[in-house]
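The values are calculated or read from the model by the stated rules, or taken from the named source; none is laboratory data. Model, not experiment: these values are computed from the prediction. Backbone-built Cβ (ideal geometry, glycine too); neighbour counts: all protein chains shown. Only protein heavy atoms, including side chains, enter the accessible area calculation; ligands, DNA and RNA are left aside. Shrake-Rupley method; radii C 1.70, N 1.55, O 1.52, S 1.80 Å.
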Amino acid sequence: LQKVRQYGRRPEDGLLGIANAMAGVLPAHVMCDSRDIGSVLNSSNIGQPAVFIYDKFQGGVGYAERTFEIVEEVTQSALELIRGCGCEEGCPSCVGSPLPPYDPSGDIDTRGKIPDKEAALCILHDILELEPYTPAPPGEMYALRQAGVLEMQPPQQEIAIEEEPPVPLEVVPLPEQIEARLRRRLKPK
């Protein structure tokens, strides 16, 4: 996490991207629907940021336990997903969508933040004991995200838009032969 900070990035944004990527690849590994599992970034349980994968069923059905058994394989798949994406800084296809600012999950200030692809790659290389990954320098978009300029906004009330009255359609009759054929086919027997 310190290495990520040295590159001017927030480790929490990278961990959120990892959590989202793991939740994205996990269904293929444990044979579940993507709505059956969840992931959260939380630090209250162990005193430092950590990714938690959980079953979305009260009492669980074993997906999180199965994930624990194959965590290295799932983590490697998350790395491949992120590394294989053609985006520059992270997108919903690799590190996932940001948590809405009004989402109560997690305790780290990641709500409304877009996950950081480069930080995620740096952390994943370290976790998987691969050659160290040097993230690209933070770009303009990253700076805008960190400044809160590109954060998601809570949903606003819908604004009533006056609609123009519909234009009446011109009814064009069918040719007599076609209408007669259709009426014969539609006639009850």
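Highest mean packing comes first when the peptides 81-93, 171-183, 5-17 are listed by Cβ atoms within 10 Å, giving 5-17, 81-93, 171-183.
Mind checking the full-extension length gain between Gln58 and Ile46? Use 0.36 nm per residue of separation minus the Cα-Cα distance, one decimal, nm.
Taking Gln58 through Ile46 to full extension adds about 2.1 nm, to one decimal.
Using only Cα atoms, locate the centre of the range 18-85 and the centre of the range 113-134, then give the distance between them in Å, rounded to an integer. If we compute the Cα centre of each part, the gap is 16 Å.
A cut-off of 5 Å between modelled amide H atoms, ignoring neighbours fewer than 5 places along the same chain, links Ile37 with Lys56.
Backbone geometry of the range 9-22 corresponds, through the Karplus equation with coefficients 6.51, -1.76 and 1.60 at θ = phi - 60°, to 3J(HN,Hα) couplings of 10, 9, x, 4, 5, x, 5, 4, x, 5, 4, 5, 5, 5 Hz, x marking Gly and Pro. Taken per residue, the accessible surface of the range 34-98 reaches 60 Å², heavy atoms only and a 1.4 Å probe.
Each peptide among 45-55, 22-32 gets the average number of other Cβ atoms lying within 10 Å of its residues, and from highest to lowest they stand as 22-32, 45-55. Each residue was assigned an accessible area with a 1.4 Å probe, and for Lys56 the value is about 110 Å². Distances between placed amide hydrogens fall under 5 Å for Asp116 paired with Gly14, Gly17, all partners being 5 or more residues away or on another chain.
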